[in-house]
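Read through the structure below, which is laid out as structure tokens, and then see the notes.
The values are calculated or read from the model by the stated rules, or taken from the named source; none is laboratory data. Treat the numbers as computed from the prediction; the structure is a model and nothing was measured. Don't worry about glycine lacking a Cβ; one is built from the backbone with ideal geometry, like all the others, and counts go over all protein chains shown.
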Amino acid sequence: MSINITDGVNLLPVLISVVILLILIAGSALISGSEVAFFSIKPIEVEALEKEQEKYAKMILKLLDKPKDLLATILIANNFINVSIIIISTYLSSQFLNEGKVKLFFDVVAITFVLLLFGEVIPKVYATKHGAKLTKIMANPLYKIGNIFPISVLRKGLVSGTSIINKIAKKKSINVSSDDLEHAIHLTKEETHNEDNHKILEGIVKFGSKDVKQIMKSRTDVVAFDSETPYLELVKQILKNGYSRVPIYEESFDKIIGVLFIKDLIPHIDKKDNFEWEKLLRTPFFVPESKKIDDLLKNFQEKKMHMAIVVDEFGGTSGIVTLEDVLEEIVGDISDEFDTDELSYSKLDDFTYIFEGKTSLVDFYKVLQIDGKSFEDNKGESDSLAGFIIEQAGKILAKNEKIVFENFTFIVESADKRKVNRIKIIIENNNQKNEK
């Protein structure tokens, strides 16, 4: 196969075209690399740029404030350059090559290879390692390019069009309720033997519907200390209970003034009884009883905290809730070296249990492996077993008194004038027990 080269080539336009072609390839490389460089900037690098006073830093931040506009500018400019490269390279090939297979190969394969290698692959590989340097070089040019006609008009049109498409896509999205998801999980349960995975999925589905009051530790079970407690007595009680954080109150538990982190006491472990340990207190984080636990988890992540003080509608302290309490609603019980295996209930047989009155309804559902929907529908403000049966009876039940709810019989085993301490539960049949 012979290559036919045309005669009478005018060298000046050819040389100018070659120079322009090389400049365009370099421009394509810089803009393609900029896409990777700008959109791989980490949050910590953004914080560093915010502290800098250099002009390029302000320009980079200005571009990052409108990422859609920046991406549109890069894509449009790159397309303009690539089209220009193809036009000029086609002109050059026509100056040296006659129409035929060789010219077609040059116009299609060779130019495509050059564009991919030098206009896309190499620049983006370079940008992954030297992104910071490239953003400094390209910040000002990209800003100016984005405001040049017709790129500025096309940029606005592309961003607006994308927003409209997103809105249409959202409208057409399928809304699936938590009940639908729960039903789907229940249907697939028979298809697999991995019980743990199903429990986690069920926990995720129900996660957003639970509030803090359902999972918190009641004030009667919270270990807290008065701010006037002598230091040596405080250390003694902390060692006895084994918690890493404890609330500190002034006068009464309704007036929490701070949270003591036990690790903050370690440098002062040898101090005397007059040590002013209350200066080590950290600011408490208060949340209402009605707060949803998915929102609480976000708060814990944002504030980098592990404990919150739960308050009621009157501002009194209801109890505390921890990050561990929240996570246990998804993954189940989390045990550490300080947890004991002491159970708050006894199982007499498959249909008879004895629970402490203070046992939360959520824990009660877990032990009996029921969804508890009927209990949740019929309970009022109570979140414990004792509170539930008191609500149903309309009074504080005495010893040996009982109530029947659906196929559950609740018999009071121990009580005083103020509360129900222990409850026997008899399940009349096993249908409810197998409910999921």
Exercise. Given ASP254, ASP264, ASP273, ASP221, which one is touching a Pro at 6+ places or on another chain (Cβ under 9 Å), at negative phi and among the acidic types (Asp, Glu)?
Worked result: ASP273
For this session: Could you identify the single residue in ILE81, ILE85, ILE41 that is in a loop (DSSP other than H, G, I, E, B), surrounded by 14 or more Cβ atoms within 10 Å (Cβ to Cβ) and assigned by TED's automatic domain parsing to the domain that holds LEU116?
Result: ILE41
For this session: Restrict the check to segment 235-247 and report whether at least one residue is farther than 30 Å from THR359 by Cβ and touching a Leu at 6+ places or on another chain (Cβ under 9 Å).
Result: yes
Exercise. Can you tell me which residue in segment 79-110 is farthest from the chain's Cα centre (by Cα), limited to those that are more than 18 Å from VAL19 (Cα to Cα) and in contact (Cβ under 8 Å) with a residue 24 or more places away in the chain?
Worked result: ASN98
Exercise. Quick check: is even one residue across segment 302-314 over 29 Å from the mean Cα position of the chain (by Cα), under 23 Å from PHE225 (Cβ atoms) and of a type in the set (D, E, K, R)?
Worked result: no
Problem set entry | Only one of LEU21, LEU49 that is closer than 26 Å to THR112 by Cα and either touching a helix residue (DSSP H, G or I) at 6+ places or on another chain (Cβ under 6 Å) or in the same structural domain as LYS144 (by TED's automatic domain parsing) (or both) | LEU21
For this session: Test each condition in (1) farther than 22 Å from LYS144 by Cβ; (2) in a helix (DSSP H, G or I) for ILE23 and report the one that comes out false.
Result: (1)
